[in-house]
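Each remark here refers to the structure printed beneath this line.
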2 protein chains.
Amino acid sequence: MPKEVTLRDVATQVGVSPRTVSRVVNDEGGFSEATRQKVLNTVEQLGYQPNMLARGLITRRSGTVGLVGGGMTDPFFPALAERIQRKAREAGRTMFFASTESDPARQADVLKSLWSHAVDGVIVFPALDTIDQLTSYARRGLPVVIVDDQADAPNLACVSFDLEAGAAMATRHLLDTGRSRLGMIASSLSPPRRRNRERGFLRGLRDSAAGASPPEVVRMLPTVEGGESGMGQLLDRRPDIDGIFAYNDLVAIGAMRAAKARGRRVPDDIAVVGCDDIDMSSLVTPALTTVRLDRPLLSEEVTQALHELIDAPGIPRDPVKLPVELVVREST
Amino acid sequence: MPKEVTLRDVATQVGVSPRTVSRVVNDEGGFSEATRQKVLNTVEQLGYQPNMLARGLITRRSGTVGLVGGGMTDPFFPALAERIQRKAREAGRTMFFASTESDPARQADVLKSLWSHAVDGVIVFPALDTIDQLTSYARRGLPVVIVDDQADAPNLACVSFDLEAGAAMATRHLLDTGRSRLGMIASSLSPPRRRNRERGFLRGLRDSAAGASPPEVVRMLPTVEGGESGMGQLLDRRPDIDGIFAYNDLVAIGAMRAAKARGRRVPDDIAVVGCDDIDMSSLVTPALTTVRLDRPLLSEEVTQALHELIDAPGIPRDPVKLPVELVVREST
DNA sequence: GAGAGTTACGTCAACGTTGACGCCAACGTT
DNA sequence: AACGTTGGCGTCAACGTTGACGTAACTCTC
C-alpha cells in the first residue's frame, strides 16, 4: 500500500519545516500569507490528511465522541442517533456508536473500549443501574452526558425528559375522556429510581378527584411483543379494564394488537396511550395517542452539554429537564 | 485529570521493562510464566488499558471499522447496523458509525474523516453513484465492503441481495394472483446501474405469458411520504391500476395509506408488495406482503468479507449475491 | 566441552504530530 | 543608537506503543 502523506512530505515539497505546515493546517498563526498559500496548495495537491492518531496521542483529543445506547431496535434511538451524529460532525467530531443491549456488563466493555480509543466524551443511555460505573469514568476525566437518569460528578451532565409529568398528563387525559379502570405496561429494564413513568401514572391517578379504581401495573420488555403479553396479563387480571398507559409506543402498539386479538376495540372498548411519538405511531390504525418526546430538542441539549463539558471542563452543570407534550390521535 | 496508566507504570511496579509488559499484554510469547502472572496482576491492579492511539500509530491498525450508510430513518438499516456492530465487537473492533444522508459529498467527507482516524476498513451502503470514490480509497489501501453495488478493485468486496430476482418474484406473484395492471414505485436515489428492482419488475412482466398491460413506473424518495405521493401519481395516471410493487416497505406502507385515503381497498382493489421485510411490515393492517432480505445473512457475509480483507489482504474476492424470499401476507 | 539453538528479557528507534522554546530579522520607541 | 517587541520560522522532545535487534544465561547435541 502507498504510504500515507505526512506533514513532512508537505514540508519538504514546500521547503519549510513540518512545524510550519502544522501551524498552517491548524491555523495557529505565526506564518506569512505567502507560506500559507504554498502550504495549502501542496496539502491539496498531495492529498494530505492529518493523522488523528498521532495528533490525539499528543493533544489527548481524538476528535471522537461515543454514543452508547441500549439498542437500535426501538426506532426512537436511531432517529436520535442520527441527529446527534450530524451535530457531532458539525463540531468536527466523528462518532463511535456502541450498543449495550441493555446489559451492564456489555456497557462496561463498551466504555472500556471507547476509553482506550481516547474518545473525547460519551453520551450514554444507561443500562439498568449503572450510575456508579459512569460517575467513575467521569471522575477519571471522561466527559459523560447521561440521558434519562441523574447523577452528580465532575465532567458529568444529565439531560432528561420530564416523563413523570408526561405520564401524569397521559393518565389525566385517560380519566378526562371517561376511562376509570386503568392499567399500565411498564418496562422491566428500568430500575426503581428511573420509574418516572410509573410515578407519573400513579400521581395522575391520585391527583384526580374522580373515583377511579386502583390501577394495575405489569412490567414487560419494552417491545411490541412485551406490549402484547402485557396487555394479555392485564386483561386476564381485570377484564373490564378500559384505559392503558404504555411504557413506549412499541409497547402501546403491541398492546393494541393484543386487544384486537382478544376482540376488544380500540378506542371504543379500551383506550391506549403510548410514549415517545415514533414515526410509526401516526401510521398504525388507529393512530396512537402518545406523549411526544422532542427529539430535536433532546439531541440539541445533549450535544451542547457534551461539547461544553469537553471544551470548558470543570464548570458544574445543572441537570436539564425537558418538557413533553401530549399528542391526541385516534387511540383514545 | 489523573494521568493515564501506561506500560511504563506497570513495568516499573513489576520491575521489568515496558517492552516485556507489552509482550505479555499482547501475548507475544517470550516471557516466563512467573512474569506473566506478575504483569497481569499489576495490569489488573492499576487498571491499565492499552492506548489504541499509540498502538495504532505504529501498527497502522486502529482496531476500528466504519459503517457508512444513507441514514437511520429506514428501519432496515439500524437493525442491520446493530448486528454488524455486534460482530465487529466480537472480532475485537469498535465501530464508527456515519450517515451520508444519501449525499455523495457527505459521503466523501465521512470517508475522509474515517480515513484520517485510520479505520481498519469500512462497510458502505453507497450514496448514489460513488463507486469511483470508493474504489479510489480501496486502491489507497483501505479495505472496503460495498453493499448492493458492484465494483472491482483490490481491497474491495461486494455483497448484494438478488433484488432483481426478488422483484421478478414479486411481480409474478402479483400476476399469478390475478392482477394485470401493474405499477411500480421506485427510488429516485438509485442510479441507473443499481435499478435491479426495476429490471426485475420488468423482467417478471416480460416472462409472464399473460397479456398484462404495460406497466407504470414512478420514482420517489424511498420514504412513507414518497410512497404516498407515488401512489397518488400512479392512480392519477392509471385509475384502474390493481397491483403495486414498491421499492421498499416504507414506500409500500405509504402507498397503502394513499390508496386507503383515495377509497381503494387493499388488497381487494389494489394489491401491494414491498421489499425488505422490516419489523413494521407484519404490524400494519393489512400486513404487508414483501420480499424478505435476510439481515442476519447479510450482516454475516458483510462482516466476514471485511474481516477477510483486513486480515488477509490481497486475495481477490468474488462478489456475493444473496438469495431473497417472498413473504406473502395480507396485502396481496 | 565447543558450538548451536533457545529462552527471557532489555535497548533503541520509530510512528506523525504538537508543545515549549529559541533564534534571527525587521520594526518601533525613546 | 540602543533597546524592546513582534513576526516568522526552526529545533527538539515528547505522547505510548511496538518492530528490529542485541545479549546473557541456559539447554541440547555429539
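The values are calculated or read from the model by the stated rules, or taken from the named source; none is laboratory data. This one's a predicted model, so the numbers in the text were calculated from it and none came from an experiment. Cβ atoms come from the backbone with ideal geometry, glycine included; neighbour counts cover every protein chain shown. Each accessible area value is taken on the protein alone, full model and side chains, heavy atoms only, with ligands, DNA and RNA left out. Shrake-Rupley method; radii C 1.70, N 1.55, O 1.52, S 1.80 Å.
For region A:1-95, a crude dipole built from +1 on the beta carbon of Lys and Arg and -1 on the beta carbon of Asp and Glu, taken about the Cα centre, is about 220 debye to the nearest 20.
Note on chain A: with a GNM built from Cα contacts shorter than 10 Å, the maximum mean-square fluctuation among A:129, A:236, A:152 falls on A:236.
Each Lys and Arg contributes +1 and each Asp and Glu -1, all at the Cβ; summed about the Cα centre of the protein assembly as shown, the dipole is approximately 980 debye.
Per-residue surface analysis assigns residue B:328 an accessible area of about 80 Å², computed on protein heavy atoms at 1.4 Å probe radius.
Other chains near A:95-104: what is the mean number of their Cβ atoms within 10 Å of each residue's Cβ?
Values: counts 6, 6, 10, 6, 8, 0, 2, 0, 0, 0.
Mean inter-chain Cβ contacts per residue within 10 Å come to 4.
In this Cβ point-charge picture (+1 for Lys and Arg, -1 for Asp and Glu), chain B has a dipole of about 520 debye about its Cα centre. Distance between the pseudo-spin-label points of residue B:37 and residue A:265 (7 Å out from Cα toward the beta carbon): 7.7 nm.
Binning every alpha carbon pair distance of region A:1-110 at 5 Å from zero, what are the percents per bin? Per 5 Å bin, starting at 0, the Cα pair percentages come out as 2, 10, 15, 15, 14, 12, 9, 8, 8, 5, 2, 0. I want to make sure I understand the PRE zone here: with the label point 7 angstrom from the Cα of residue A:199 toward its beta carbon, which residues in region A:232-252 have backbone N atoms less than 19 Å away? Within reach of a label on residue A:199: A:246-248.
Count neighbours as other Cβ atoms within 10 Å of each site's Cβ, and list the trypsin sites (Lys or Arg not before Pro) in region A:225-265 that are DSSP loop with at most 15 such neighbours.
Loop-located and lightly packed - A:262, A:265.
A Förster radius of 35 Å, combined with the Cβ-Cβ distance separating residue B:26 from residue B:136, puts the computed FRET efficiency at roughly 0.60. Label-point spacing for residue A:236 across the identical copies (point 7 Å from Cα in the Cβ direction), in nm and ascending order: 5.3. Between copies, residue A:304 shows label-point distances of 4.9 nm, shortest first, with the point placed 7 angstrom from Cα along Cα to C-beta. Here the accessible area of region B:167-324 is 51 percent carbon and sulfur, with a 1.4 angstrom probe and all protein chains present.
Give me the percent of Cα-Cα pairs in region A:7-50 that sit more than 12 Å apart, rounded to a whole number. Roughly 49 percent, once rounded to a whole number.
Using r as the Cβ-Cβ distance of residue A:44 and residue A:19, and R0 as 22 Å, what FRET efficiency do you calculate, to the nearest 0.05? Intermediate values should be presented prior to the final figure.
Values: r = 20 Å, r/R0 = 0.90.
The calculated FRET efficiency here is 0.65.
Close Lys pairs in the protein assembly as shown, defined as Cα atoms under 30 Å apart and 8 or more places apart or on different chains, number 19. Computed over neighbours whose Cβ is under 14 Å from that of residue A:116, the net charge equals +4, Lys and Arg +1, Asp and Glu -1. Binning the C-alpha pair distances of region A:251-310 at 10 Å intervals from 0 yields a P(r) profile of 21, 38, 19, 14, 7, 1 %, listed from the shortest bin outward. Using a cut-off of 15 Å between beta-carbons, work out the net charge of the residues near residue B:146 (Lys and Arg +1, Asp and Glu -1, residue B:146 not included). Here the count lands on -3.
Give the interface area between chains A and B as buried accessible surface, both sides summed, probe 1.4 Å, in Å² to the nearest 100. Could you put the intermediate results ahead of the total?
Details: alone 15970 and 15950 Å², together 27340 Å².
Chains A and B together bury approximately 4600 Å².
Measuring spread by the Cα atoms of the protein assembly as shown yields a radius of gyration and Dmax of 27.6, 86 Å.
The helix-only estimate of mean residue ellipticity at 222 nm for chain B, built from DSSP H runs of length n ≥ 4 each weighted as -39500 (n - 2.57), is -13500 deg cm²/dmol after division by the residue total. Here the Karplus curve 6.51 cos²θ - 1.76 cosθ + 1.60, taken at θ = phi - 60°, turns the phi angles of region B:74-83 into couplings of 7, x, 4, 6, x, 4, 6, 4, 5, 5 Hz, with x standing for Gly and Pro.
Dipole orientation for region A:163-292: of the candidates A:231, A:215, A:254, A:215 has the Cα lying most toward the positive pole (charges on Cβ; Lys, Arg +1; Asp, Glu -1). Across the identical copies, the 7 Å label point of residue A:269, projected outward along Cα→Cβ, sits 2.9 nm from its counterparts, in ascending order. Judged by the gyration tensor of its Cα atoms, with axes a ≥ b ≥ c, region B:59-183 is prolate; a/c meets the 1.5 cut and a/b is the larger of a/b and b/c. Per-residue SASA remark: residue A:83, around 90 Å² accessible (1.4 Å probe; ligands, DNA and RNA not included). In degrees between 0 and 90, to the nearest 10, how far off the longest principal axis of chain B does helix B:224-237 point, with axes built from Cα atoms? Tilt of helix B:224-237: around 20 degrees.
Where Rh denotes the Kirkwood radius from the mean inverse Cα pair distance, what is Rg over Rh for chain A?
Values: Rg = 25.2 Å, Rh = 22.3 Å.
Radius of gyration relative to Kirkwood radius: 1.13.
A probe of 1.4 angstrom, applied to the heavy atoms of all protein chains, finds residue A:315 with accessible area near 100 square angstrom. Contact with the other protein chains removes 30 Å² or more of accessible area, compared with the isolated chain and a 1.4 Å probe, from these residues of region A:113-147: A:115, A:116, A:117, A:140. Residues of region B:280-326 that lose at least 50 Å² of accessible area (1.4 Å probe, protein heavy atoms only) when the other protein chains are present, relative to their chain alone, are B:280, B:283. Shape class of region B:163-292 from the Cα gyration tensor (axes a ≥ b ≥ c, square roots of the eigenvalues): rounded, since a/c falls below 1.5.
Entry note: region B:93-244 has Rg to Rh equal to 1.08, where both radii use alpha-carbon atoms and Rh is the Kirkwood radius.
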